[in-house]
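The values are calculated or read from the model by the stated rules, or taken from the named source; none is laboratory data. Source: prediction; values computed, not measured. Every residue, glycine among them, receives a Cβ derived from its backbone with ideal geometry; neighbour counts consider all protein chains shown. For accessibility, only protein heavy atoms count, side chains too; no ligands or nucleic acids. Shrake-Rupley method; radii C 1.70, N 1.55, O 1.52, S 1.80 Å.
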Amino acid sequence: MGNKGGVRLARILANRSKRDLEEAVLRIAEQLGFQYFMFHGRLAPLHGASHDFRFDNFPVGWRRYCTDRGKDLLPGPLRRLALQEVTPLPWQKIAARQSTPFAKAAKFGLGTGVSCSVHGPRGQWSLTSFALARTGPSAERHILAVLPDCQLVACAVHYTAARISRRGLDSVAPRLRFQSAHRKILSDRERQCLIQSAGGKTTLEIGQALQISERTVAFHLSNVRRKLGAANSRHAVTRAFSLKLIAAGP
């Protein structure tokens, strides 16, 4: 994770209100080269019923078209299919099989994009979508180039929105911060593996860099997720960064 990625995460995680979070995320979406952004999360608080949390800047004409017809803002079956994925889902993969709803969205200026799902340890879920006004090979190449950044941003937005929806900091955060000061959360090797993972490396590449087996890397990352209460490695990176257990690298 480079300096730019670290700055983006810090800007998201620092927000304490929905309005501030929305403004921060829209700016970051623009920095990543996207005109449009949408977040929808079903975020379960510590006590009580789940809470819907959503915001977007999708084209007004497309929003009116969908509202009048009772359609979802994401074209076709995209929402359902993206929520089943554990990695970012480029829209083109669905549009290649079901072109009609995506062609209609393109007429309103919603050309193509990518959707990233995040699932939390207490049943929370969210879907973060980044969209371009244009279509074509260059647009798809751009999306593929920024997929890791999109997923990290999605995890950070999920974590921050969940915290805001509970109207306070995650109850586990103060305990984790206290422990981190005494270096009792992550071992040095776990921290090294997580930092390498934040840089986008596979378990095989991490093992080669640290001169340990791929199975050992998987073991360390599993421990990291368990200790931080993270649903996946991306979520663990976001939590570790917010708790200052790891820092942005060069």
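Do we find that Ala240 is of a type in the set (Gly, Ala, Ser), in contact with a strand residue (DSSP E or B) (Cβ under 7 Å, 6 or more places away or on another chain) and either crowded, with 21+ Cβ neighbours inside 10 Å or in a loop (DSSP other than H, G, I, E, B) (or both) in this structure? In short, no. Hey, any hits in region 39-62 for a residue that's under 16 Å from the mean Cα position of the chain (by Cα), under 18 Å from Ser129 (Cα atoms) and not in a strand (DSSP E or B)? Checked region 39-62: no residue is under 16 Å from the mean Cα position of the chain (by Cα), under 18 Å from Ser129 (Cα atoms) and not in a strand (DSSP E or B). Selection of region 84-95 for residues being touching a residue at least 40 places away in the same chain (Cβ under 8 Å), open to solvent by 40 Å² or more (accessible area, probe 1.4 Å) and not in a loop (DSSP other than H, G, I, E, B) yields only Gln92. Scanning region 64-82 for residues that are touching a Pro at 6+ places or on another chain (Cβ under 7 Å) and either open to solvent by 40 Å² or more (accessible area, probe 1.4 Å) or assigned to a helix (DSSP H, G or I) (or both) gives a single hit, Gly76.
Assess whether Arg42 counts as being open to solvent by 80 Å² or more (accessible area, probe 1.4 Å), in contact (Cβ under 8 Å) with a residue 60 or more places away in the chain and over 29 Å from Thr202 (Cβ atoms). Yes: the conditions hold for Arg42. Restricting attention to region 107-146 and to residues that are open to solvent by less than 30 Å² (accessible area, probe 1.4 Å) and assigned to a helix (DSSP H, G or I), the residue that is farthest from Arg11 (Cα to Cα) turns out to be Ala139.
For beta carbons closer than 8 Å, sequence separation of 6+ or different chains, a first residue in region 3-22 that is over 15 Å from Phe53 (Cα atoms) and modelled with pLDDT under 85 and a second that is charged (D, E, K, R) and open to solvent by 20 Å² or more (accessible area, probe 1.4 Å), the qualifying pairs are Gly5/Asp149; Arg8/Asp149. How about region 209-226: which of its residues are more than 15 Å from Gln192 (Cβ to Cβ) and in contact with a helix residue (DSSP H, G or I) (Cβ under 8 Å, 6 or more places away or on another chain)? Selection gives Arg225 alone. Entry remark, region 197-235: residues being in a helix (DSSP H, G or I), more than 22 Å from Leu147 (Cβ to Cβ) and at pLDDT below 85 number 3 in total.
Name every residue in region 218-232 that is without any contact (Cβ under 8 Å) to a residue 40 or more places away in the chain, under 20 Å from the mean Cα position of the chain (by Cα) and surrounded by 16 or more Cβ atoms within 10 Å (Cβ to Cβ), in order of residue number. Answer for region 218-232, where residues must be without any contact (Cβ under 8 Å) to a residue 40 or more places away in the chain, under 20 Å from the mean Cα position of the chain (by Cα) and surrounded by 16 or more Cβ atoms within 10 Å (Cβ to Cβ): Leu221, Val224, Arg225.
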